[in-house]
Amino acid sequence: MNILGLVLFALFLGVALKKLGPEGEELIRFFNSFNEATMVLVSWIMWYVPLGIMFLVGSKIVEMEDVMLLVTSLGKYIFASILGHVIHGGIILPLIYFAVTRKNPFSFLLGLITPFTTAFATCSSSATLPSMIKCIEENNGVDKRISRFILPIGATVNMDGAAIFQCMATVFIAQLNNFDLNAGQIFTILVTATASSVGAAGIPAGGVLTIAIILEAIGLPTNDISLILAVDWIV
């Protein structure tokens, strides 16, 4: 199944429906309702995820000839993912903030301790949004007209961490299957991870589901996603 092609078709269909104006509003409302219903179904399924992950990971461990190799590989994957988040969130983003505002980025980040804690506990950008809006307005003095316009968009679209995690997970699965990635496939991973992270749901393990799009795009099996689900809460 050409999932990447389906995603691109959906993007262009959305643009076309918007260009139609009032004539396309009914179909847009239908897709919005369908999306909300899907999110409800996903939230129900998430209650059974721990049990399902246990059996999926168990079956994968049984299939492995060298269990220690699997555990070591997972450890390296976790370390690489966390390192990527630290470099991006602790170095690159503060540098961009300083270059634009000429202010100390870490004093700004100190005002966001509560939403950071909420994000770590819930693994959901959507669940963090209310506390993020409150803290950024009260602690950092951002105008509410700006925060209440930008933050909901950022919580849904600007998922840099999800893109980093998806790239790492794809490379990990490729190495696990002894699959050599060429330059074209690496470029495909980067582009697809960026595009799919934009459409990922802001719910726990929402980014894991979109890894299937990337794996399909470069021809890798999707059954190894169960290993990623087992450690998703860490990375």
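The values are calculated or read from the model by the stated rules, or taken from the named source; none is laboratory data. From a predicted model like this one, the values you see are computed outputs, not experimental measurements. Here the Cβ positions follow ideal geometry from the backbone for every residue, glycine too, while neighbour counts run over all protein chains shown. The protein model used for the area step is the full one, side chains on, heavy atoms only, and it has no ligands, DNA or RNA in it. Shrake-Rupley method; radii C 1.70, N 1.55, O 1.52, S 1.80 Å.
Annotations for the structure displayed:
- Residue in the stretch 79-87 that is within 23 Å of A193 (Cβ to Cβ) and open to solvent by less than 30 Å² (accessible area, probe 1.4 Å) present: yes
- Exactly one residue among I113, I92 is at pLDDT 90 or above, loosely packed, with under 13 Cβ neighbours inside 10 Å and of a type in the set (A, V, I, L, M, F, W, C), and that residue is I92.
- Here is the figure for the stretch 85-124: residues that are under 21 Å from the mean Cα position of the chain (by Cα) and small (G, A, S) total 5.
- Scanning the stretch 193-230 for residues that are under 20 Å from L83 (Cβ atoms), open to solvent by 10 Å² or more (accessible area, probe 1.4 Å) and modelled with pLDDT of 75 or more turns up just one, T194.
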